[in-house]
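Structure first, then comments.
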Amino acid sequence: VQLQAYGGGLVQAGGSLRLSCAASRRIFSNNGMGWFRQAPGKEREFVATINWNGGTTIYEDSVKGRFAISRDNAEGTVYLQMNSLKPEDTAVYYCAASRRSWSGSSQYDYSYWGQGTQVTVSS
């Protein structure tokens, strides 16, 4: 397994969760990392991305100010801190790794994908 996402669960609206994604060193140390999500009946969508050293981040508009992506290169882990969660945040969340040091919001820029972790926000 090259990417392992975990930390999902059931939370009430307004609550917080922290997702983690552990990656093998081979595909992590110099690679851009992203989080995507897919709600039932919908296409997978971009959530956030971070460049290889954590210096640049981009967020999807609906999560700006509520979610924060970060990484620990020594641990080979990328995080997604999710605050002020809303029912519309309910989805399976996937982490992804790019072959490049930086990638944007397109899922086609990412070559490696984790198995996903379910986040459910109740109203």
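How long are the three semi-axes of the equivalent ellipsoid of the stretch 34-75, in whole Å, if each is the root of 5 times an eigenvalue of the C-alpha gyration tensor, listed from largest down?
They are 22, 12, 8 Å, listed from largest to smallest.
How big is the chain on each of its three principal axes, counting only the C-alpha atoms and giving the largest first in Å?
Sorted from largest, the Cα extents of the chain read 40, 28, 26 Å.
Name the longest site-free stretch of the chain, where the excluded sites are GluC sites (Glu not before Pro) in a DSSP loop with no more than 15 other beta-carbon atoms within 10 Å.
Counting only loop sites that pass the neighbour cut-off, the longest clear stretch is 76-123.
With the dipole of the chain worked out from charges on the C-beta (+1 for Lys and Arg, -1 for Asp and Glu) around the Cα centre, which of 122, 56, 31 lies farthest toward the positive end?
Positive-most Cα among the choices belongs to 31.
Quick check: convex hull over the Cα atoms of the stretch 1-65, volume per residue in Å³, rounded to an integer?
Spread over its residues, the Cα hull of the stretch 1-65 gives 122 Å³ apiece.
Of the options 74, 13, 84, report the single residue whose Cα projects farthest towards the positive end of the charge dipole of the chain (beta-carbon charges: Lys, Arg +1; Asp, Glu -1).
74
Dipole of the stretch 17-103, Cα-centred, from +1 at each Lys and Arg C-beta and -1 at each Asp and Glu C-beta, to the nearest 20 debye?
It works out to roughly 240 debye.
Scan around residue 112 for amide H atoms under 5 Å from its own, H built in the peptide plane at 1.01 Å from N, and keep only partners 5 or more places away or cross-chain.
Hits under the 5 Å cutoff: 97.
Might you work out the accessible area of residue 64 for me, using a 1.4 Å probe with all protein chains in place, and round it to the nearest 10 Å²?
Using a 1.4 Å probe on the heavy atoms, I get roughly 120 Å².
The values are calculated or read from the model by the stated rules, or taken from the named source; none is laboratory data. If you're wondering where the values come from, they're calculated on a predicted model, not measured in any experiment. With ideal geometry, Cβ positions are generated from the backbone for all residues, glycine too; neighbour counts draw on all protein chains shown. For the accessible areas, the whole protein counts, side chains as well, though only heavy atoms, and no ligand, DNA or RNA atoms are used. Shrake-Rupley method; radii C 1.70, N 1.55, O 1.52, S 1.80 Å.
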